[in-house]
Every structure is written in structure tokens, then in C-alpha cells.
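K.L.:
The structure under discussion is supplied below as C-alpha cells; questions concerning it will follow.
The values are calculated or read from the model by the stated rules, or taken from the named source; none is laboratory data. These numbers were taken from a predicted model, which means no experiment stands behind them. Because the Cβ atoms are built from the backbone with ideal geometry, glycine has one as well, and the counts that use them run over all protein chains shown. Ligands, DNA and RNA are stripped out before the accessible areas are found, and what is left, the full protein with its side chains, is counted by its heavy atoms. Shrake-Rupley method; radii C 1.70, N 1.55, O 1.52, S 1.80 Å.
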Amino acid sequence: MKIICAGMPKTGTKSISKALRYLGFTVFDWEEQTLDFLDHWVDVYQNGAQPDVQRVFQNADAVVDFPGNFFWEEILEAFPDSKVILSEREEVSWVKSLENHLRLREMERSRNFYRVKLSPTARKMDLVLYPHINAILGSANRKSACVSRKRYRMHNHRVKSLVPPEKLLVYNVKQGWKPLCEFLGCEVPKVAFPHENIKGEMVKFFLSETRYGRQVKWEMHRATSIILSIITVILAAIFAIIFFSAG
């Protein structure tokens, strides 16, 4: 582990993730952190287990997004030579972006409410994601701007207070490549800095553009096929009974 991105959600984490990958780092974004260790994170968020950050992040160069941005202290303790990037943005803009993101998530969840019933992966992810949102933001309610704003300030203050200045980069993605590359000792690329997940667009393609989404869709289709097969067998048996009774 070389880089811990401790920034809160909606501070350019997707852009940073893509930028770090372009620079050649092996990045563990939320999918890499959760999908291969989902039972472990359920145990952490539901049963009080300690996060085994050595096991989860042993093959990563960088960690971005959840749940690593909540457990950044444990990761830094396990990998003390890591550098820390705290991504920030103007507070009013952050609150507005967060509210829009949570609104889109609510809409997507409402449209696909049946996935939690049919997909084991989705059920487990819910046991991780929503406790994480409550833990890091104070509330999963998109209207709780006062609570989220207070958590945002507390989180950023704690990172700045505990990480040695020489190991910390307080960063806004609007600054582009230069401060990021200087901090990491990398050459500045000639391509434009990534600008990802604009206005929460990723949520719209959640089930089609992510590994998690494809897994959930496959499990939903499998469960639906099994249910239809069972219904078909039951109906066939009923018709057979009716037919033979009539005969």
C-alpha cells in the first residue's frame, strides 16, 4: 500500500481513482475492496469484527472510496509508509452534490427494489453500504444536510490533525495533475485530468457498467429462472391432476 485516499464521497474520488490508474498504480476502489471480501465487511459492519486491512489491501497500491475512506486510520497503521490524499471541495457544492447522489441512489433502488430480494450479493452489500453511509455521513437521508456537513468537517479535521504534514496532500481535483504528481513523485501526464461521475451519472449505469451490477443482474436472472421453473412445474402438476381427475 502506497496511497490512502481518505476523502469523503463526492470529492472527486472517481476522478482520482482513474488518475492513479493512469499513473500506473493498482487501485482498490469500492468494488475491489468489497466484492472479494463481502462476507468480511458484513462481519465488520454487522457483528463488530475488526477490519482485516492487511488481508484486504495487501495487493493494492492505492485505496479510494468506501469502506477504506472510513477506515483510513487502520489502513495507515497497517501500512505506515503510505501517503495520504485528502480530497476536498467547497462545502456548499459538496452538500449539493451529495444530496443529488443520494437522490439518484434512492431512485435507482426504487426501480430495482426486487434485486435485494433476488440477489445474495445485493443483500450483503446493503448490510455494508448503508451502515457505512450512516457511519461516515451521519445519515443516509439526503435531506440531512446539517448532519452531513458536520461530519464532513469532523472527518477532514481529523485527517489533517493526525497525518504528518509531509505525508499528507490536501487536494482538490480542480488542481489537476501537478500537485498530485509532485506529491507522488510522478511525471505529469500530457493528457487531460480525468473528470468522472459528473452529477452522479455513475448511478444511472450502476447495474450495467460495474462488476457489482453485472453480478447482481446475473443472480437476479438466475433466481427468476428458478422461480419460473418452479411455477411451471407446479402448474403442470395442477393441470395433470385436473386432467386425470376429469378423465
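K.L.:
Scan segment 119-128 and give yes if some residue there is surrounded by fewer than 18 Cβ atoms within 10 Å (Cβ to Cβ), farther than 29 Å from residue 179 by Cβ and touching a His at 6+ places or on another chain (Cβ under 9 Å), otherwise no.
P.N.:
No, the conditions are met nowhere in segment 119-128.
K.L.:
Next question, about the same structure. State all residues of segment 73-95 that are open to solvent by 10 Å² or more (accessible area, probe 1.4 Å), at pLDDT 95 or above and hydrophobic (A, V, I, L, M, F, W, C); if no residue qualifies, say none.
P.N.:
Within segment 73-95, 76, 78, 79 meet the criteria.
K.L.:
To continue, here is another question. Looking at segment 175-194 only, could you name the residues that are assigned to a helix (DSSP H, G or I) and touching a residue at least 60 places away in the same chain (Cβ under 8 Å)?
P.N.:
Result: 177, 180, 181, 183, 184.
K.L.:
Ok, one more. Exactly one condition in (1) touching a helix residue (DSSP H, G or I) at 6+ places or on another chain (Cβ under 7 Å); (2) surrounded by fewer than 19 Cβ atoms within 10 Å (Cβ to Cβ); (3) under 29 Å from residue 144 (Cβ atoms) is not met by residue 52; state its number.
P.N.:
(3)
K.L.:
Oh, and also: Would you point out which residue out of 161, 139 is surrounded by 13 or more Cβ atoms within 10 Å (Cβ to Cβ) and polar (S, T, N, Q)?
P.N.:
After applying the criteria, what remains is 139.
K.L.:
Quick one: how many residues across segment 1-48 are of a type in the set (Gly, Ala, Ser) and open to solvent by 30 Å² or more (accessible area, probe 1.4 Å)?
P.N.:
2
K.L.:
Another question about this same structure. Looking only at residues that are on the phi > 0 side of the Ramachandran plot and assigned to a helix (DSSP H, G or I) in segment 196-223, which one is modelled with the lowest pLDDT?
P.N.:
Restricting to residues being on the phi > 0 side of the Ramachandran plot and assigned to a helix (DSSP H, G or I), the top hit is 200.
K.L.:
Which pairs do you get when a residue that is closer than 20 Å to residue 215 by Cβ, found in segment 29-52, comes within reach of a residue that is of a type in the set (Gly, Ala, Ser) and surrounded by 16 or more Cβ atoms within 10 Å (Cβ to Cβ), reach meaning Cβ atoms under 6 angstrom, with the pair 6+ apart or on two chains?
P.N.:
29/17; 33/68
K.L.:
Give segment 142-158 a look and list any residue that's of a type in the set (Ser, Thr, Tyr) and open to solvent by 40 Å² or more (accessible area, probe 1.4 Å), or say none.
P.N.:
Matches in segment 142-158: none.
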